[in-house]
Amino acid sequence: AHGTVVVGAGHGGVETAVELRGRGYDRPILLIGDDPHEPYQRPPLSKELKADEPPLLPLRTTSMLKDLDIEVWLGTRVGRLDRAARTVHTDDGRTRGYDHAVIATGARSRPLPIPGIELDGVHYLRDYDDARAIARRLPGCRDAVVIGAGFIGLEFAALAASVGVRVTVIEAGARAMGRAVSAPTSAHFAALHRAQGTELVFDVTVERIVDEGGRRAVVLADGRVARGALVLVGVGVVPNDEVAGDAGLPVENGVLVDDGLRTVDERIWAVGDCARYPSPYAPGTVRLESVQNATGQAATVAAAICGHREPYRDVPWFWSVQGPAKLQIAGLRHAESTAVVRPESRAGRLAVYCFRGEQLCAIETVNSAAEHLAARTAIERRIPITPADVVAEGFVLRDAVR
Ligand code: FAD
């Protein structure tokens, strides 16, 4: 009796295992993860990092997994998957057969290939050990440089500024979170960070990092220099798709799966940050990086392994917390989409409706939880909402989705 082997013990992997049991799956389940820590939530690592030790919030405790009869190998890397033999092989020499394998290997920080990146005090932020290294350096840190104005860099910037660190953010693009959000939302957050005393520098790349007697100097392409005791590099991630690729499965910046999240091998599935799939909410294929995406896909794959194959259709949603602002996004925005800002009088709030042609494709809100919930429904049900509706006096999304 082989059962299911899940490779990767993050949000997607743990949820797949738990969901399988929730559906009454009674075969063996083995969860293998290379991270040595009890499986934990990643979002708090960049949002609640004030003390010396960052929060380790378990996804499911080890004892809970044990109670569900889920075998867990932590600190163990899968180096090879043999599709002909239907076995996975770990770097420490163990082998296990499978009936179904789920690839939930996530993503890793995109390396920034510049001189000085290896210097002490230069950090990435993806896992618990990264967060702990940063947390230990924060006390007594007066200034920091963040490379990359994406979610992780800006969440860290907000947190550091809130404990009195002077932060400079360097971004190669023209605006904050430019790949992920509309221009009005970028502007809202740029203003918020500047109000916290953070300096944002756009349209410039980083050339090298040098050590100046224990302090870091980040040299920009235009000759300017940003200095800090700590440098945080947040320039995106690359999917961990090598295990799949080496096994001969198609990969293309992510493991390619069908609309039911199955690879070309009918016994192998992929979920979460590492999976590229056709979404009903966007043209072509997408690879999303969010907790909702990982857990939603895990549920679909668990159901499929239990014999209930269905396309994955959950509406994508995401959140980020930066200082006093909670950003929530429902749907998938497009580079070419147009942004319509809903008139809003209350300070600190924002609602941006993104349209691809006539079709509402995403809604970005700040500090507006009810509108975000309505947004998920509006996008899922493709409720016809026009740009004119959004700016009309008295427009309330909740009423439109009733
Ligand atoms: P992961 O959680 O990365 O898990 C994959 C695991 O597989 C990792 O532990 C990895 O080490 C392991 N692995 C890889 N290769 C192997 C191998 N060969 N053998 C064994 N194990 C392997 N999302 C949101 O929606 N909202 C947020 O606010 C938010 N904040 C975030 C803050 C931070 C600091 C980070 C890093 C991410 C944040 N995210 C957020 C993104 C979210 O955490 C990810 O989308 C989510 O973790 C994806 O789950 P996953 O299971 O696909 O990958």
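Throughout, read-outs are computed from the coordinates displayed, never taken from laboratory work. None of these values were measured; they are calculated from a predicted model. Here Cβ is always computed from backbone atoms with ideal geometry, including for glycine, and neighbour counts include all displayed protein chains.
Structure summary
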{"quantity": "Region 68-211 shape via C-alpha gyration tensor axes, a/c threshold 1.5", "calculated": "prolate"}
{"quantity": "Per residue, the convex hull volume that the Cα atoms of region 144-273 enclose (Å³)", "calculated": "149 Å³"}
{"quantity": "Cα centroid of region 226-257 to Cα centroid of region 1-59, whole Å", "calculated": "19 Å"}
{"quantity": "Loop-located GluC sites (Glu not before Pro) in region 233-295 whose Cβ has at most 16 other Cβ within 10 Å (DSSP)", "calculated": "Glu252, Glu266"}
{"quantity": "Of the GluC sites (Glu not before Pro) in region 1-64, those whose Cβ has at most 16 other Cβ within 10 Å and which sit in DSSP loop", "calculated": "Glu48"}
{"quantity": "Most mobile listed residue (Leu232, Leu112, Leu327) in the chain, GNM with C-alpha springs under 10 Å", "calculated": "Leu112"}
{"quantity": "Region 324-400 shape via C-alpha gyration tensor axes, a/c threshold 1.5", "calculated": "rounded"}
{"quantity": "Share antiparallel - DSSP beta bridges, the chain, percent rounded to 5", "calculated": "60 percent"}
{"quantity": "Antiparallel content of DSSP bridges confined to region 111-233, in %, to 5", "calculated": "40 percent"}
{"quantity": "Candidate aspartates and glutamates for bridging to Lys50, where Cα separation is under 19 Å - those fewer than 8 sequence places away on the same chain excluded", "calculated": "Asp127, Asp129, Asp130, Asp143, Glu155"}
{"quantity": "GNM flexibility winner over the chain from Ala176, Ala330, Ala133 (Cα, springs under 10 Å)", "calculated": "Ala133"}
{"quantity": "Rough spin-label spacing in nm, given labels placed 7 Å along Cα→Cβ, for Ala172 and Asp246", "calculated": "2.8 nm"}
{"quantity": "Between region 168-212 and region 332-399, the Cα center-to-center distance that results, in Å", "calculated": "25 Å"}
{"quantity": "Prolate/oblate/rounded label for the chain (Cα gyration tensor, a/c 1.5)", "calculated": "oblate"}
{"quantity": "Estimated distance in nm for a label pair at Asp265 and Val238, the labels positioned 7 Å out from Cα along Cα-to-Cβ", "calculated": "2.2 nm"}
{"quantity": "Cleavage-rule hits (trypsin sites (Lys or Arg not before Pro)) in region 220-328: DSSP loop, at most 16 neighbouring Cβ within 10 angstrom", "calculated": "Arg224, Arg267, Arg309, Arg313"}
